[in-house]
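Notes to accompany the following structure.
The values are calculated or read from the model by the stated rules, or taken from the named source; none is laboratory data. Since we're looking at a predicted model, the values are computed, not measured. Every residue, glycine among them, receives a Cβ derived from its backbone with ideal geometry; neighbour counts consider all protein chains shown.
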Amino acid sequence: MAEQNRSELVLGINGLGRIGKLTVWNQVGRKYFRELVVNIGRGSGKSLTDIAHYLARDSSYGCLHGYLYGHRAEPVITEVDESSSRMLIDGMPVRFLREQRNPADIPWRQQGVRLVVDTTGQFLDPTLPADAAKGSVRGHLDAGAEKVIVSAPFKIGDKRGAAPEDAVTTVMGINETAYDPRCHRIISNASCTTTCLAHMIKPLINHFGARKILSASMATVHAVTGSQAVLDRLPKAGTADLRKNRSVMNNIILTTTGAAKTLRLVIPEMEQIGFIAESVRVATATGSLIILVLNLQDELTGESIRRERINAVYRQAAADDPQHYLHFSDEQNVSGDIVGLPKAAAIIEGHETHTRTAEVIIDLERLPGLDAALLAAVKDPVVRVPVTQAVVYGWYDNEMGSYVHMLGDRTLSVAETL
C-alpha cells in the first residue's frame, strides 16, 4: 500500500477522534507528506505510549499494520519518544501537540504546517472571525496554515448567510474542480452521507435530466457515531435532541441529516428538484445505507422506466468513473461486506433496485390560476401523466472505506496546489 514520498510538505491534523485517527492511518499509507503533526489539544492516557496503543489498533478495522500490509505484517509504530512527543509510524515521523484546543493558538507556523485537516467537528462556521471566543476554523489560518480542509459540512450560525468567498464545499468525483486555489482557503469535504448521495443521484440527473425527476427523498440507515450514548444518560443543559442521549446498543434512533442542504451546494441542479432527507441510527459500528426514492416522469409514449434501465445507468456510470468512486454490484450484500472498501463513495445494490409506474391524474379545471381560454381549448381537461417511482439502495462505509479515503484524495489534491 505504501507510496513514495512526493512532497516535503508537513500535514497538520486537528483532532484524533474517529476521522482524525483514520486520517493518520490513511496518510501514513499514502506516504505523500514528509511528516504529520497531530493536535490533540489535551493530555491523553499516561504517556505517548498510550496514544501509540490507540493508533495501533481499531475495533472496526483491526490493526494498523494489517491495514497497511495485510495480516502477516509486523507492528509498524516505533521510536515512541515522550520527550519530543514524536513517534515513527511505518517510518513516517508523527508529532503530537497536547496543549492548545483553540485553532488560533495551535503552533502550526512553528511546526512548518501549511495545510490542516480539521476533524474535530467543532469549528464549522467559516463566517466567524479567527478570534471568536470559542474558536473558529479561521484560527488555523491565523496560526500559520494556508489552507484548511474541514471533515464535515459547514454550519453557518446566521441561517440567512452564505459561505464567504474564500470557502467552498466539494465532493470528490462530483464537483472537486469547484475548488479554486487562487481564492479558496477553507474547504468543506461535506459529509459521508452527502458523498454517497451525490454519487447516487448525479448519474440519474446526467441520464434523465433534472426536469424529469419530479421529486426525490432519501433515508440513511446510519451506523452510530461518537456523539451518541452507550447507555442512557442525562442530557446536557439546552440539549434539543434527547434521542442522542438514549442507548445506541438498545435502540433504533431517529435523527436528522443536513444532506439535502449540502447536496444543493455540490449539485446545483438539485435546486430544481423537491427533496427530503431523513436519517435513522442503528447499532452497527460502521457501514451505512441510503435508500433513495425518486419520482420520474415517463415519456407519454413508449415503454415505462424499468429497473433494468436504472441499473444500466449505474452500471455504465461506474464503468466510466475514472476515479472508481462509484461501484455497482449485482450481489446480495450486507453492511459488513462494504466496510473498508477503498474509495467506494457509493456501492449500488442493483439486486434491490425497484420501479413501479402509475398514472398521475390531473384535472386541469381544478388548477388555480389557469387561463380560461387555454382551458376552453383543451378537449379533455383530465390529463394522465405516467410517473415511475424508483427505489435505489446505496451502501457506504461512513468512516474509512468511503469518507476517509475520499478526504485523503481531497487533501492531496489541495496539497498539490500549494
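Look at the stretch 360-374: where a residue is among the aliphatic types (A, V, I, L, M) and a partner is assigned to a helix (DSSP H, G or I) and surrounded by 10 or more Cβ atoms within 10 Å (Cβ to Cβ), sitting 6+ places away or on another chain with Cβ atoms under 9 Å, you get 364/375; 367/375; 370/364; 374/364. Counting only strands (runs of 3 or more DSSP E) that sit wholly inside the stretch 226-336, those with at least 2 residues that are in contact with a Leu (Cβ under 8 Å, 6 or more places away or on another chain) and under 30 Å from residue 209 (Cα atoms) are 274-282, 288-297. Pairing each residue of the stretch 333-347 that is within 15 Å of residue 407 (Cβ to Cβ) with any residue that is of a type in the set (Ser, Thr, Tyr) and not in a loop (DSSP other than H, G, I, E, B), provided the two are 6+ apart or on different chains, yields C-beta distances under 6 Å for 344/402; 345/195; 345/402.
Evaluated against (1) modelled with pLDDT under 95; (2) under 23 Å from residue 416 (Cβ atoms), residue 158 falls short on exactly one condition, (2). Tallying residues that are assigned to a loop (DSSP other than H, G, I, E, B) and either touching a residue at least 40 places away in the same chain (Cβ under 8 Å) or hydrophobic (A, V, I, L, M, F, W, C) (or both) within the stretch 186-217 yields 3. Scanning the stretch 24-64 for residues that are free of Cβ contacts under 8 Å to residues at least 12 places away in the same chain and outside any loop (DSSP other than H, G, I, E, B) turns up 50, 53, 57, 62. Listed conditions (1) closer than 14 Å to residue 86 by Cα; (2) buried (at least 21 other Cβ atoms within 10 Å of the Cβ); (3) of a type outside the set (A, V, I, L, M, F, W, C) are all met by residue 35, apart from (2). Among the residues making up the stretch 337-380, a single one is surrounded by 12 or more Cβ atoms within 10 Å (Cβ to Cβ), acidic (Asp, Glu) and in a strand (DSSP E or B): 349.
Only one entry in 315, 307 is surrounded by 15 or more Cβ atoms within 10 Å (Cβ to Cβ) and farther than 30 Å from residue 61 by Cβ, namely 307.
Quick one: is residue 137 of a type in the set (Val, Ile, Thr) and out of contact with any Pro (no Cβ under 8 Å at 6 or more places or on another chain)? The answer is no for residue 137. Residues in the stretch 117-147 that are farther than 27 Å from residue 405 by Cβ and either touching a strand residue (DSSP E or B) at 6+ places or on another chain (Cβ under 8 Å) or not charged (D, E, K, R) (or both): 127, 128, 129, 130, 132, 133, 135, 136, 138, 139, 143, 144. The criterion of at least 3 residues that are of a type in the set (Val, Ile, Thr) and under 18 Å from the mean Cα position of the chain (by Cα) is met by the following strands (runs of 3 or more DSSP E) wholly inside the stretch 108-185: 147-150. Among the residues of the stretch 260-277, the one identified as over 20 Å from residue 175 (Cα atoms) and crowded, with 16+ Cβ neighbours inside 10 Å is 277. You will find that of 212, 202, the residue that is within 17 Å of the chain's Cα centre (by Cα), assigned by TED's automatic domain parsing to the domain that holds residue 282 and of a type in the set (Lys, Arg) is 202 and no other. With respect to residue 327, determine if the residue is under 27 Å from the mean Cα position of the chain (by Cα), surrounded by fewer than 18 Cβ atoms within 10 Å (Cβ to Cβ) and at pLDDT 95 or above. So residue 327 does not fit the description; no.
A residue that is under 14 Å from residue 92 (Cα atoms), assigned to a loop (DSSP other than H, G, I, E, B) and acidic (Asp, Glu) can be found somewhere in the stretch 3-18. Within the set 24, 28, 94, the sole residue that is touching an Asp or Glu at 6+ places or on another chain (Cβ under 6 Å) and hydrophobic (A, V, I, L, M, F, W, C) turns out to be 28. Scanning the stretch 80-93 finds no residues that are modelled with pLDDT of 95 or more, within 29 Å of residue 134 (Cβ to Cβ) and crowded, with 20+ Cβ neighbours inside 10 Å.
For residue 98, the conditions (1) surrounded by fewer than 17 Cβ atoms within 10 Å (Cβ to Cβ); (2) closer than 27 Å to residue 340 by Cβ; (3) not small (Gly, Ala, Ser) are fulfilled apart from (2).
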